1. Residues 110, 144: which one is within 28 Å of residue 349 (Cα to Cα), open to solvent by 30 Å² or more (accessible area, probe 1.4 Å), in contact (Cβ under 8 Å) with a residue 12 or more places away in the chain and touching a Phe, Trp or Tyr at 6+ places or on another chain (Cβ under 8 Å)?
2. Modelled with pLDDT under 95, open to solvent by less than 40 Å² (accessible area, probe 1.4 Å) and in a helix (DSSP H, G or I): is that true of residue 313 in this structure?
3. May I ask you to say which residue of 236, 258 is assigned to a helix (DSSP H, G or I) and touching a Gly at 6+ places or on another chain (Cβ under 7 Å)?
4. Out of curiosity, is residue 297 part of a helix (DSSP H, G or I), free of Cβ contacts under 8 Å to residues at least 40 places away in the same chain and either open to solvent by 60 Å² or more (accessible area, probe 1.4 Å) or within 21 Å of residue 371 (Cα to Cα) (or both)?
5. List the residue pairs whose Cβ atoms are under 8 Å apart, where the first residue sits in segment 84-104 and is surrounded by fewer than 20 Cβ atoms within 10 Å (Cβ to Cβ), the second is part of a helix (DSSP H, G or I) and of a type in the set (D, E, K, R), and the two are 6 or more positions apart or on different chains.
6. Does residue 156 satisfy the criteria of being surrounded by fewer than 24 Cβ atoms within 10 Å (Cβ to Cβ), modelled with pLDDT under 95 and not hydrophobic (A, V, I, L, M, F, W, C)?
7. Wholly within segment 82-196, which helices (runs of 4 or more DSSP H) include no fewer than the required count, namely at least 2 residues that are over 19 Å from the mean Cα position of the chain (by Cα) and of a type in the set (Val, Ile, Thr)?
Amino acid sequence: MSVTLAPSARQRARIAVYGLFLLSGMAIGAWTARIPAIKSGLGLTNGELSLGLLGIAAGAITGMQFVGRMVDRYGSRRVAVPMALTVGVVLVLPAYAPNLATLALALFAFGAANGTLDVAMNANAVVVERVYGRPLMSSFHAVFSVGGFAGAAVGGLFAHHGVSPAITFAAVGTLIAAIALLCARWAVRDEPDRRPAAGTESKRLGRSRVGTTVLLLGVLGFCGMIGEGAAADWSSVYLRDDLGASPGFAAAAYAAFSITMTGGRFAGDLLAARLGPVVLVRGCGILAGAGLGVSLLIDGPVAGVIGFGLFGAGLSCIVPQVFSAAGHRDPAQAGRALATVASLGYAGFLAGPVLIGALAELVTLPRALFAPAVLALFVALAATALRPPSPKSGSRGGELVVAEFENQGHHDAQ
């Protein structure tokens, strides 16, 4: 299905999606930067803080269980915009938590709002991709990374000057709300077409096949995000403890990973347009797996930094392309497909550090880090799951209606 908008409306819709990804990253970055202050203010141990942080994971996964049907029923814009505003509000809550229990509840709300926004904004990104008729998802995810850097930088700056977490979160939350209001005005309005489609039986069978493929896409997202989580928590530890690098040089491993991942995502749309998602993801999986695996065999600090840099470049396009493929398989069920993929991917990000730690206890950390490299190679082997469905498969159960409104007022935000 092809949809059209006037060039000005199309550009505004794209900017709105950039804004949604930017503010989501900013919220997470700002929160991450002020975790030490929250921990110190409440007098929490590391173990107690870990329990509180579980609230984010529980909230995100809970939100993702419901948002898919909401997006499919009401449209991604009607879910994404209110959730973007909500993120700006609930970001402030952890700063006022008086104890561990209330902190966990505040973080549950923060995680639920972020998880819901994550699915809805990716669904809106799929609509904008459809409007443009070319890949855009990787650059949207790159802007999320930029938002994370910006939020962390602002949080770190405020922390350096002794500003409280409450004021930090209020300032960032106000900026998030302003961006969300801009997105409300410019975001493309997608409305599900609920007219019954012909061929109900074939549609049902087609959706069964789509469900299986979407589940496989979720597994690929899980594998990719296991690598992201492992790199975040274990790359510096590996260089410092196993390769004898100085603390400063050890930090370069994750810096290299983050830089190449962001750069790869900015280049990913052009590569996807030229190569197609299957070839791109296959190449990325090979680059990630071989890059990290070979560096682990060389066993040197410089090789470690290069290896994690190649690992980040390889992983950069996998998750965006998986999300895009899931959202495009059936416009009538894009929300549910993205919710499935996002839930599995987020579970992988959370499980990655834990699994690597457990393996490290059994076989040493360097050997444990081969696991995400092998999973990246598995993604390369299974990349055919990203192939678009055949028009004859009957998987298109419904259509998406995209309406253009040149002057959308604040009353449209809801």
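1. Criteria check complete, one pass: 144.
2. Against the criterion (modelled with pLDDT under 95, open to solvent by less than 40 Å² (accessible area, probe 1.4 Å) and in a helix (DSSP H, G or I)), residue 313 does not qualify.
3. Exactly one of 236, 258 is assigned to a helix (DSSP H, G or I) and touching a Gly at 6+ places or on another chain (Cβ under 7 Å), namely 258.
4. Answer is yes for this residue.
5. Pairs that qualify, where the first residue is surrounded by fewer than 20 Cβ atoms within 10 Å (Cβ to Cβ) and the partner is part of a helix (DSSP H, G or I) and of a type in the set (D, E, K, R), are 100/48.
6. yes
7. Result: 100-132, 165-186.
Listed here are the residues, each with its yes/no results for (1) under 26 Å from residue 149 (Cβ atoms); (2) crowded, with 18+ Cβ neighbours inside 10 Å; (3) of a type in the set (Ser, Thr, Tyr); (4) out of contact with any Asp or Glu (no Cβ under 6 Å at 6 or more places or on another chain).
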position	(1), (2), (3), (4)
247	yes, no, no, yes
260	yes, yes, yes, yes
266	yes, no, no, yes
272	yes, yes, no, yes
282	no, yes, no, yes
286	no, no, no, yes
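The values are calculated or read from the model by the stated rules, or taken from the named source; none is laboratory data. Note that the coordinates shown come from a computational prediction; the quantities given were computed from them, not determined experimentally. For neighbour counting, all protein chains shown are included, and Cβ atoms are generated from backbone atoms with ideal geometry for every residue, glycine included. Note: accessible area is taken over every heavy atom of the protein model, side chains too, but ligands, DNA and RNA are not part of it. Shrake-Rupley method; radii C 1.70, N 1.55, O 1.52, S 1.80 Å.
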